[in-house]
Amino acid sequence: MAMESPVTPFTPVDDFFPEPDIVIEHQRTQSPLRKRPRHTSSITASDSGQSLVMVSEESKAPIRDDTYYMSDGSCILRVQNTLFKVHRTILSKDQSSFGLMFTLPQGEISGEGMSDDHPIVLQGDSAEEFRHFLWALYALPSELMIIQSPISKVDLSRLIDIAKVSCKYSFKSTETWALDAIQEYLERNTSPLFNDNPLIYMFRTSTTRSSALLEGPIARLIRLAQMCSHSRLMDTMIGLLQKLLSGSLHYSYLAMTLADEFNLRDLRGAAYLEVMQTSVFVCSGVANGHTYVEGDIQETSEGPQRLVVSPVQQLRLLSGYHRLSKAWDKLRTVPPQFEHAPSCCATWHQNHGCTQSWTDFWKEKTRLEGVLSLGSANVLGRLAVIIKEFDKWGSATYMYHDCKSAARRSIHEKVKQLQQALPDYFTEGGEY
């Protein structure tokens, strides 16, 4: 682990999924829900976490979508600078947010969504996302089946868009279908799951800015899994990141950042440990006329790469280094404890000799060059070396066979305990 002097904090990357979009406006009085009249500025409110918004037409003239501006459509929607003319009956399916919005009484100005001049404006989506969503609503069953066919070339980005927009506007059936298609695609023809997965190659990057990965497919899928509370997809993506982070500082940074964003305990410890052990980390900001942007990776002539992290991440990395180093200092002086076999405890002399052999072994092996060559905070790496030494130990005159097996298990149990507690070492403040 290494670090350089911190510099002025830099603004972090914005969240991938923007805030609200549609909304049904609540009146300030106790009167029933109804559409508010159009004003010159946006009007937002919430209903069940969704956002339908009725706003004035933006200054730039919108264009009609080539596919989903239908001559027989009954509702006109504007997404960014694109107009969609579709059917209210289609948008009202599946107990969606649109269905509730269409049942509300008109405000002072009627005709909302009935003309290009007065569309219903949806905010927070891109035109492409909404176009992909409409494709799913209007697609024939045969078209929906083809996208899940093993011989088809799946458009993963389209499926992500469909699932995201469906979740936002409460199209539960469509959301479930899209998530199932994504999960099936990720698992298809992979046994075990990621050993030969083409996604690993698809997700690899040669960019020198890891922050670009925060807009990539892995980050989008993790945010989608979080947004839709889809634990299976989340577990799949965590498994993929754990596979990738050990071979690339880019993915170590991505895993560390996403673990912080979504409090992914299973990912945080491994990601922070990998960054701590493989990089020199500096804080984002401006120093000596140079701008350090979070996620940048800079090659150095000698030694590890330099990674730019946030001030909070830097503090957690330093805390982890300090706590793990202290954990090793304690562990090297006191070997893992184990219960002696009953036959060993039959006589005082056997028990004493067994304990002394174990203590002598531990003191000797914790001072080996192969152990000390690893960083003082690399407790797991040092324990791995000791386990190898234990396997080469052979017969010990004063250590009973069953006790020796128990001693070996005690080292593995210590490794497991450290792995489970690893995320707690990388927290800012306090003592662990």
At GLN337 and THR67, where each label point lies 7 Å from the Cα along Cα→Cβ, what is the point-to-point distance in nanometres? 6.6 nm
If neighbour count is taken as other Cβ atoms inside 10 Å, put SER166, SER142, SER410, SER115 in order from fewest to most. SER142, SER115, SER410, SER166
Along region 176-185, Karplus-curve 3J(HN,Hα) (6.51, -1.76, 1.60; θ = phi - 60°) to the nearest Hz, with x for Gly and Pro, reads 4, 4, 5, 5, 5, 5, 5, 4, 5, 5
So for the pair ASP329, TYR138, with labels modelled 7 Å out along Cα→Cβ, what separation do we get in nm? 6.8 nm
Report, by chain and number, residues whose modeled amide H sits under 5 Å from the one on TYR69, excluding near sequence neighbours (fewer than 5 apart, same chain). LYS85
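At 1.002 mPa s and 20 °C, plugging the Kirkwood radius over alpha-carbon pairs of region 296-383 into Stokes-Einstein gives what diffusion coefficient in µm²/s? Numbers along the way, then the final one.
Numbers: Rh = 16.3 Å.
Roughly 131 µm²/s, to the nearest whole number.
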Between VAL280 and residues 5 or more places away or on another chain, which pairs have amide H atoms under 5 Å apart, with H built 1.01 Å from N, and which residues are they? GLN305, ARG306, LEU307
What distance in nm separates the two pseudo spin-label positions at ALA212 and ARG408, each 7 Å out from Cα along the beta-carbon direction? 4.8 nm
Grab the eigenvalues of the alpha-carbon gyration tensor for region 325-425, scale each by 5, take roots, and send me the semi-axes largest first in whole angstrom. 25, 15, 11
If region 275-334 were replaced by its equivalent ellipsoid, with semi-axes equal to the square roots of 5 times the Cα gyration tensor eigenvalues, what would those be, largest first, whole Å? 28, 14, 8
Where only alpha carbons of region 229-346 are counted, the Rg and the Dmax (Å): 18.9, 73
Determine the alpha carbon to alpha carbon distance for each of LYS93/LYS168; LYS93/LYS172; LYS243/LYS326; LYS365/LYS414; LYS363/LYS392; LYS326/LYS404 and list only those over 18 Å. LYS243/LYS326; LYS326/LYS404
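Where a number appears in this text, it was derived from the coordinates with a stated rule and is not lab data. Since this is a predicted model, take the numbers as computed values, not measurements. All Cβ positions, glycine included, derive from the backbone under ideal geometry; neighbour counts span all protein chains shown.
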